[in-house]
Structure formats: structure tokens, C-alpha cells
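Heads up: the structure comes next, in C-alpha cells.
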Amino acid sequence: MTVAVQAFAMRRVLWGRFTTSHAKVIASCALLAALPIVSSSYHLFQINLVIIDAIAILGLNLLTGYGGQISLGHGAFYGLGAYTTAILIHRWNVPYPLTLPCAAIVCLTLGFAFGLPAVRLQGLHLALATFALGVVFPQILKCRALEGLTGGVQGITIDKPTAPLGLALSADQWLYCVLLAVAAVVFLAVRLLVQGPTGRAIMAIRDRPVAAASVGIDTALYKSLTFGVSAMCTGVAGALGALAVQFVGPDSFSIFLSIGLLVGIVVGGLASISGAVYGALFIQFVPSLADSVSKAAPTAVYGVALIASVHLMPYGAAGVVSGIARRLAARARRRSKPAVAPAREVPAPEEGP
Amino acid sequence: MSRLSVSALSAGYGQGPVLHAVDVEVSDGGVSVVLGANGAGKTTLLRAISGMIEREGTVTVDAVRIDGMRTEEIARLGVTHVPEGRGTFAGLTTEENLRLGGYTRKGRDEVASAFERVYRHFPRLAQRRRQQAGTLSGGEQQMLAIGRALMSGPSLVLLDEPSFGLAPRMIEELYRILEDIHAREHVSILLVEQNAAIALDLADRVYVFETGRVVLAGPPSDLRGDASLRRAYLGS
Amino acid sequence: MEAFLHQVCSGLANGAVYASLALALVMIYRVTHFVNFAQGELALVSTYCAFTLLNAGVSYWVAFAATVAASFVFGVVVERVVIRPAARGNALSVVIVYIGLMVALNSLAGWVFGYTTHAFPSPFPAEPPFGNHYVGSHELGVVAVTLGMLALLYAFFRFTSLGLALRAVAENPESSRLVGIPVERMLALGWGLAASVGAVAGMMIAPILFLDPSMMSGVMLYAFAAALLGGIDSPGGAVVGGFAVGVLENLAGAYVVGTELKLGTALALIVGVLVFRPTGLFGQPSAERV
């Protein structure tokens, strides 16, 4: 082909690619920019909580969806991050941006330490150990010996961060920006992690642990690290949650929270990054709607959601969405393609053994 | 009249068929022996007959089709399977293992007389009746496995490599007992073996399997008459 | 000294309840290789049923027997309807279904019976036997009932053919099929038994803890610790572990960490077992199929 024709073809391809995926990105950015302006302050508060939950759920998904290890105690790490921030601000007036890396380090370390003994063994051991952690955590917060630090049953109240440099943003609007920034960093980092060699190792350990060990992967170390990083993610979400809600108290971090996070990953989609957002939307809005029906309803919704998802939506909402998208795309392709000779049609590759 | 009739049986473990449309028969009261190297599909044949894996084709026992049934239903029909590796309940005692073999029997007297018959064939098991089955020697565990298969008074016994891992003297003893069982209990046997020579003495029909297909089917004299197969399976 | 003995005695009473629940956990684990996270909430629903019967004027031991029988049926139904369809999925999905069941049963209890705390009657007299200062009548009764139930279970497993069949399925499901045992029906039977055992445990602990939907969460934590301590596949270990945990909990609460952190001993025990002896005191290390 001549250079001119090649250049024309290349421009065509690039333009084509620009129109579809770049348009999506621009639309999303527009939406995200518009939200804090058009939403009432209460709705913005809820949106902020959705972002926070999404980060927390992504953390758990890293461990359970990609790593295949179940944790019933991630509410404790969320609470740990929240209390770290609250205590640092309340007692030592640490500026709030610094509390985030502190919460991250605390949760990474304790998560790694907690995971270390449990991940050497079967999944059920980690499940039991984390369940115990989730149940006991509020009790530890309430105990009198630590009251000076934790505020005991009363908890700790802190102020919401205000916009710097006198920007004309409300506290919730500023927090929204902070949350988006943190979420972008976390989501990108997790995406890079799971798509890279570490992610492949983690998933190999999940699917074929003995084979993974036999090719030299130190499964115990990887699993403990995954636990630590997952706890760190959820802990950072907890820290942000403390800033959003302006309060930490023992009963906010009960086993119900841990179960809620589990519901988030199952309903949103195991081993899915976009699933974290769907899951967060579910656990932020559905239980409070259910609560207006009856006191037992939120718990019932969680239970039914878990059982139903396993049977009906094994890949969660993310799976449903991508399934729909795939079918729409296939239909669009069929409509736009001119009739081609049968020899050119490539059949869909069959699933390998 | 054949006790077991297998026709066009194909089976596999999900990665493609291991058995390709094989035909096997066991006559009423007869002994059919299936020979073949590792991977030839002998164990797969027995597992397919017992309903332990996905299979296609027809399997009839005494004119009843069993190819659609579940394993436990086939066992209750009087087809018992002594599996590869013996399948002993290692944590239970010898007597409990045998009692489980008689699980489908109704009536305490029937079970008692079944015990008597099995202990008569295998006196060693009577001596070790309260011992934990996992602590028995290899030969004794094989006896236990066969004894368990006999407890229900089956009409057809499937035996998977009974000589596996046993010393020669033990194998001789075992086959002597098998011959005795065959004579006294009027039970049909489908026997899968790698050790061809001693199995042939018991057989009235021989099959040779190679990569999931039947390459020889006939009386033992057919195998002894074929020079290349004789060299491969009888070593002479 | 008197206080110490009292702690030990009430620890043994609580321990009897933990032993029963731990045994139920081990029974289901041996047959299905999964931990029944919903065991406590099953027991909770059973206890509420008993409470309803008692409120309707039924005499105690009749209500007790009826609840045990109804729980058996309920356990079989749950296994068939919720657990068995999920068993075809991967291990993670099964655990998620167990947890969903736990949460759903808890909400069922709250929805049908409300969230107020109720007192649950004890069939044993209020005065301590022989006027002693160490052990109350209810505590003694709990231990007696539990030991009686354990003896019955032991006899069932050791001397009946159904019990033998269950042990066979726990040992080797494939060989069980080969001898004609309907393995799926045995799984349902195992669940029914575990639900009945849980019902007894719930009715024994409710007079001590008072009945409300959160009653079983702490108890189950101790039961999990007991099952792990004894060895998740050892029935005898579960019983020993249960009594040990009961006594340890009380002594730790009285002399070491204070009553607020008693539950923390369960956590410490679980982590301790994991670090120092993962198979528990009496469990077998399991060989993994490659």
C-alpha cells in the first residue's frame, strides 16, 4: 500500500478508536463533575459514602474475588482505619491528609500479621479467624483499658475537612473531590496489580494452589501480602469514612459491616473492579430502604442477596452488565457489517479444556 | 445368557473419551478378564459400568439396563465393585467394613450368614475383625475389599487389579481364593488385570484393551495363540 | 476458692453447650467438608420455636421433644433446599451460601419473633441442689442433659447401621456409594441431626443468656474455637474442646482480662490454635488431593 493510503487508514483507525472509548471517558468525567453541583448536600453525602464503600469493597474483592480467600472480618479493618484517623486528629491534631497514609500503614501491618498464621491453612481457618475478629472488634473498642484512646462506648467526634485556599466549595463538595482522587489512585493501582504478574500469581494460587506451589510461588507469603494489601485498602476507606461521617463509635463497626462488605463483593461481582461500584450502590441504598419496611429487613436482604447471587448471578452485577454489553455489541456488529463470504467468518473460539 | 452385556460404551473424564465404543460380555457364572497396559481404559471401563463417571452406550445386567443409573442404585441391584486402590474405610474396623458391604441386606440372619461365608473364604479377616482397617497389610486390605464386595450376595463382581502391589505368594493365595469363590458362590466376575498369566487360568473369556479400544476378544486360547499379544502380555 | 470453683462449674455448664454445638459443627464438617456457619442461627430459630410452644402453654419436656423433632425436619429441609443446590459450585460459593443462610435465619428470627429480649424458662428448680454454693441446678441440669444427648449420639453412631453408614460417608463417600449407601440422603440426615443437637444446645443456654436474636453469636464463636481446638474432624475433640473452652472463658474473664473482653479469649484461642497446632488437639492432618 502507498504511504498515503496507509496514513489514511491509520487516521481512520485512530479516529474510530477515539470516538468510542474516549467519548465514554468524557461523558463519565462530565457526569462526575456535574454531580457535586447538581446534588443536594444530603445526596452528595450519600454519594461520598458510595465512593468510600466502593474502595472498601474493592479491598475485600482483592482478597476474596482475586485471591479466593474469604474474610468475614474486614469491617474490623475498616474500623481500624477509621479509628486511626479519628484518634490522630482528635488527640494529636494531625492534619487529615497525613492520617490517610498512617491508616494505610497500620492496616497493612496488622492485616499482614493477622493473615500470616491463617493463610498457611485451609480457607475455613481464615474464615473462622476473621469471623472471630469481626465479632470481637467492637468489644475491644469498648473495653475500659483502652477507653482513654478510643473514647470507649461514646466514641470520638471529629470535624469534616474544609476546602483549602478558600475555594468556594462546601465541606461535602471538597470531600467529594478528595474521595474521587483517592478512589482513582486505588482503583488504578488495583487494576495494575491484578493485570500484572502479581495478579496472575494470586489467581493461580486461588485456582490451583498445589500447582502454583510446585512452580515455586511462595503461596503463604503471597496470600499474607494479599491479605495485608486488602486490609490496607479497606482501612483507607475506613479513614475516609471517619472524615465523612465525622464520628467513630464501636457499634458502627460490628459484624454487620463485615457481612455488608461481603454482600457488596458478591452482589457487585467477585474478581471485578467495576463490581465494587455496583456493590457499593447496593449496600448504601438497599438496606436503608429495607429498614423502613421492618427492622429485620436489612439483615434479611443481605442473607437473601448472598444466597440468590450465588445461584442466579454468580458473576454479580458486573457480570450481568458485561453480559448485556457483549450482547448489544454483537448485535451492533451484525447490523453494521455488510454481508461477507462465509469463508471470512471466524467462529468464536471454543472454551479450552 | 450373559450376565453382563456392555455394548458401544464410551466414557471419559471430561477431556475427551478414554473408552471408544467398547463391547464386553460376562457370561452367567463366568469370568471375563480384561488385560491392557496402564492408560488402556481398564479402570475406566469398570467405573463406567458402576456409574461413577459420565458414559454413553448400553450396559445391561440380567436384561436390566443400568447405564442411566446412579452408583448406589447399581450396587443395590447386585453389582459390586472392588475399586482401584481398594476403597477401604480406613478409619473403621475390619468388621465394620464388612458390615457396610452387607448394607443392602435386610435381616440380621442374612448378614450373619454372609459374615460366616466371607470369614470362611478369608480366615485372616476373622482374626483381624476388630482391627482398624487402615492398619491391615496390603494383601489383607485386598481380601477385605473383596470380602466386602461379597457381603451383599452380588450376582456380578467387578474387580480392579486385585494383584496390584502384592507379593507373588500373596497373589497366588488371593487367586486361589478367587477360584474358590467363583466355584462356590456362583458369582460372575469381570476382572481387570495387568498380571495376565495368573488371571488367564481363571478366565473363560479374555479382552485385550489398547488405548480405549478392544483389540482382542475371545477365549484364553486366542490370546495364547497370538504371538505378538502373547509376547506383550504373557512375556513369552 | 469458692469463687474459683463456682467459675469452673458454670464454665462446665457453658462448656456443655459449646461442646454440643462444636459436635454438630464437626458432624457436618466430616460429612460435607464445610463448616456450618449457620449452626448457631439454626439453633436460635429452634429455641424461638420452643419459646412459642411454651408460651402457648405446652409443658416443658413435651415442647422440648417437639422442638427437637421439628428441628430435625427443618435441618433436612434446609440441606435439601439451600445447601445441596449450591454444593455443585466452587468452595467459595458454598461458604457464601452458608453465611447467607446464617444471616437470613437471624433476620427470620428477628422478623417473626421481634427484637425484645425474653426470659426463657429452665426445667430445673431454682434452688441449688443440696444448698451448695458452687453449682446451680440449671448448670447441673445442662451438663446432665448434654451428657445424656452425647451418650445417645455415641450409641447411635457406634451401634446402629444408619450411624455406621454416616460414618462411612464421612470416611469415604465414593466407597459408600459402591456399597449401596444413598450418600445424598445421608447428608440430609447429618444436617437433621446437627439441627436437633443445636436445638438442645439453644434451649439449654437460653435461660442463662436470655433469648434475643443476637443470643447465639457469642456462643457460636466459642463453639468454633472449641471445634478448632479439638480438631475440626474429631467428634471427641469437639466435646473435650467445648468443656475446655467453657472453663477457660470463665477463668480468663474472672482473673485475666475482665468480663468485657471474655469474647476476646475466643479470638485468642482461634488464632493460638492456628499458630501452634492447626489440626487441633485430636484432629488428623488432611492429605490434599492434587
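Only helical runs count toward this figure. For chain A, summing -39,500 (n - 2.57) over DSSP H runs of n ≥ 4 and dividing by all residues gives -24000 deg cm²/dmol at 222 nm. Other protein chain C-beta atoms within 10 Å of residue C-beta, averaged over B:79-88: 3. Sorting the segments B:73-83, A:34-44, C:189-199 by their mean number of nearby beta carbons within 10 angstrom, highest to lowest, gives C:189-199, B:73-83, A:34-44.
The C-alpha atoms of chain A define a longest principal axis, and helix A:197-207 lies at about 80 degrees to it.
Pairwise Cα separations in the protein assembly as shown fall into 10 Å bins from 0 onward with the following percentages, short to long: 2, 11, 17, 19, 17, 15, 10, 6, 2, 0, 0. Under a Gaussian network description of chain C, with springs only between Cα atoms under 10 Å, the residue in C:126, C:244, C:206 that fluctuates furthest is C:126. Cβ-to-Cβ counts within 10 Å put A:170, B:188, A:230 in ascending order as A:170, B:188, A:230, the fewest first. Each peptide among A:50-56, A:162-168 gets the average number of other Cβ atoms lying within 10 Å of its residues, and from highest to lowest they stand as A:50-56, A:162-168. Rounded to the nearest 0.05, what FRET efficiency is calculated for residue B:132 and residue A:220 with R0 set to 45 Å and r the Cβ-Cβ distance? Calculated value: 0.85. Peptide A:286-297 shows a mean partner chain C-beta count of 2 within 10 Å per residue C-beta.
Look at the stretch C:178-190: the mean tally of other chain Cβ atoms within 10 Å of its residues' Cβ atoms is 6.
Can you sort B:211, C:47 so the residue with the fewest Cβ neighbours within 10 Å comes first?
Neighbour counts put them in this order, fewest first: B:211, C:47.
Taking a point 7 Å from the Cα of residue A:39 along the Cα-to-Cβ direction, the residues of the range A:227-247 with backbone N closer than 16 Å to it are A:240-246. In terms of the mean number of neighbouring beta-carbon atoms within 10 Å, the peptides B:113-121, B:85-93 order highest first as B:85-93, B:113-121.
Once the chain from residue B:15 to residue B:109 is taken as fully extended at 0.36 nm per residue, the excess over their C-alpha distance is 29.1 nm.
Considering only A:186, A:215, A:236, give the residue with the highest GNM mean-square fluctuation for chain A, with springs between Cα atoms whenever their separation is below 10 Å. Greatest mean-square fluctuation among the candidates belongs to A:215. In this simple spin-label model, placing a label point 7 Å from the Cα along the Cα-to-Cβ direction at both residue A:181 and residue C:58 gives a separation of 6.4 nm. Please give the net charge around residue C:187, taking every other residue with its beta carbon less than 15 angstrom from that of residue C:187, where Lys and Arg add +1 and Asp and Glu add -1. Once positives and negatives cancel, what remains is +3.
Here the simple spin-label model places points 7 Å from the Cα toward Cβ, and for residue A:105 and residue A:30 these points are separated by 4.4 nm. By the Stokes-Einstein formula, at 1.002 mPa s and 20 °C, chain C with its Kirkwood radius over alpha-carbon pairs has D equal to 110 µm²/s. In the elastic network of chain A, a GNM with C-alpha springs shorter than 10 Å, the most mobile of A:293, A:301, A:320 is A:293.
What does the charge add up to near residue C:260, with Lys and Arg as +1, Asp and Glu as -1, over the other residues with Cβ less than 11 Å from its Cβ?
Working: positive: A:142, A:144, C:262; negative: A:147.
Overall, the nearby charge balance is +2.
Across chain C, the mean sequence separation of Cα contacts (distance under 8 Å, 6 or more residues apart), normalised by length, yields a relative contact order of 36 percent.
Between helix C:39-55 and chain C there is an angle of about 50 degrees, using the helix long axis and the longest principal axis of the Cα atoms. Angle of helix A:255-268 to the longest C-alpha principal axis of chain A, folded into 0 to 90 degrees and rounded to 10: 0°. If you plug the beta carbon distance of residue A:294 and residue B:7 into 1/(1 + (r/R0)^6) with R0 = 60 Å, you get a FRET efficiency near 0.45. Here each label is just a point 7 Å from Cα along the line to Cβ, and for residue C:4 and residue C:251 those points are 0.9 nm apart. For residue B:184 and residue C:276, the FRET efficiency from 1/(1 + (r/R0)^6), where r spans their Cβ atoms and R0 equals 41 Å, is about 0.15. Taking the fewest neighbouring Cβ atoms within 10 Å as the starting point, the ordered list for C:127, C:184, C:249, B:72 is C:127, C:184, B:72, C:249.
Where a number appears in this text, it was derived from the coordinates with a stated rule and is not lab data. These figures come from a predicted structure and were not determined experimentally. For neighbour counting, all protein chains shown are included, and Cβ atoms are generated from backbone atoms with ideal geometry for every residue, glycine included.
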